[in-house]
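Below is one structure, written out as structure tokens; comments come after it.
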């Protein structure tokens, strides 16, 4: 039976690699906390250099809460974010 997860998609500023340094430890700590308590399934940056990020959550409320308290969002490193359902079939 398919499982529905929620994808939080971040679009990053063009110079994310140069600007993320001071915010990265807190961002990664937040990711670990959400993963440790089971709300976050997986997360990672896409591209080299990264142009966007994908974070997969168990439910939309967890994804929206994460974006609301993520240091990357607070610092203006994320230009746009969306939460969309993802139906996993395999």
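The values are calculated or read from the model by the stated rules, or taken from the named source; none is laboratory data. It should be emphasised that the depicted structure is a prediction, and the values quoted were computed from it without experimental measurement. Note: ideal-geometry Cβ built from the backbone for every residue, glycine included; neighbour counts use all protein chains shown.
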Problem - Selection within region 11-60 - touching a helix residue (DSSP H, G or I) at 6+ places or on another chain (Cβ under 7 Å) and without any contact (Cβ under 8 Å) to a residue 40 or more places away in the chain - result: 34, 39, 40, 43, 49, 50
Fill in the blank from the handout: Note on residue 84: of the conditions (1) exposed (fewer than 12 other Cβ atoms within 10 Å of the Cβ); (2) assigned to a helix (DSSP H, G or I); (3) touching a residue at least 12 places away in the same chain (Cβ under 8 Å), unmet is (2)
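If you scan region 43-68, which residues turn out to be surrounded by 12 or more Cβ atoms within 10 Å (Cβ to Cβ) and either at pLDDT below 95 or in a helix (DSSP H, G or I) (or both)?
Start the filter on region 43-68 by keeping residues that are surrounded by 12 or more Cβ atoms within 10 Å (Cβ to Cβ), which leaves 43, 45-46, 50-67.
Within region 43-68, 60, 61, 62, 63, 64, 65, 66, 67 meet the criteria.
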Completion exercise
Note on region 1-35: residues in a loop (DSSP other than H, G, I, E, B) and farther than 16 Å from residue 45 by Cα are 1, 2, 22
Completion exercise
Taking region 69-81 and the residues there that are in contact with a helix residue (DSSP H, G or I) (Cβ under 6 Å, 6 or more places away or on another chain) and surrounded by fewer than 19 Cβ atoms within 10 Å (Cβ to Cβ), the one that is farthest from residue 7 (Cα to Cα) would be 71
